[in-house]
Amino acid sequence: DTSFFTRATNPHNPRRVAEILKNISVGTDLSNEQRGRVYDLLSKFADCFALSVREVLPIPGAEHRMHIPPDVVFPKKIPHQRQLTEAQRTYLSNTIDELVKADIIEPIRPEDIKCVSPITLAQKVH
């Protein structure tokens, strides 16, 4: 269910706020009053949180640039890339598609590639 991805249209949607609060851990060292104040602040500023990469807002005009001397040559072949499993390939492909759709990354023509490096997928510990 993605109906709570409403940062752009209704950032204080109660279902969205509940999902944000569900994903945040507040330390047990706080009193009940302090915990309540933290949750109130998180709810008040729910528009600052992205529940998905598609809710990340781009900064107009922002562009990452790497200042690399023109005579530097990088590898264009990966010597030790481990074969990805089918599940890993599917995950990676879906993630790349989501990042492109969210305008976080953009496709590049093969002839414009200047550098490559191996991909390592690491599972997050929950």
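Results, tabulated for the structure shown:
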item	result
Output for the stretch 19-46, where each listed residue is surrounded by 14 or more Cβ atoms within 10 Å (Cβ to Cβ) and charged (D, E, K, R)	GLU19, ARG35
Entirely in the stretch 1-104, the helices (runs of 4 or more DSSP H) that have 1 or more residues that are polar (S, T, N, Q), within 19 Å of the chain's Cα centre (by Cα) and under 19 Å from LEU121 (Cβ atoms)	86-101
Condition check for ARG16: in contact (Cβ under 8 Å) with a residue 12 or more places away in the chain, surrounded by 11 or more Cβ atoms within 10 Å (Cβ to Cβ), in contact with a Ser or Thr (Cβ under 6 Å, 6 or more places away or on another chain) and not acidic (Asp, Glu)	yes
Options ARG35, ARG54, ARG65, ARG82; residue that is of a type in the set (Lys, Arg), farther than 21 Å from ILE105 by Cα and at pLDDT below 90	ARG82
Residue count, the stretch 77-126 (criterion: among the charged types (D, E, K, R), loosely packed, with under 10 Cβ neighbours inside 10 Å and either on the phi > 0 side of the Ramachandran plot or touching a residue at least 24 places away in the same chain (Cβ under 8 Å) (or both))	1
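The values are calculated or read from the model by the stated rules, or taken from the named source; none is laboratory data. Bear in mind the structure is a predicted one, so any value in this text is a computation, not a measurement. Backbone-built Cβ (ideal geometry, glycine too); neighbour counts: all protein chains shown.
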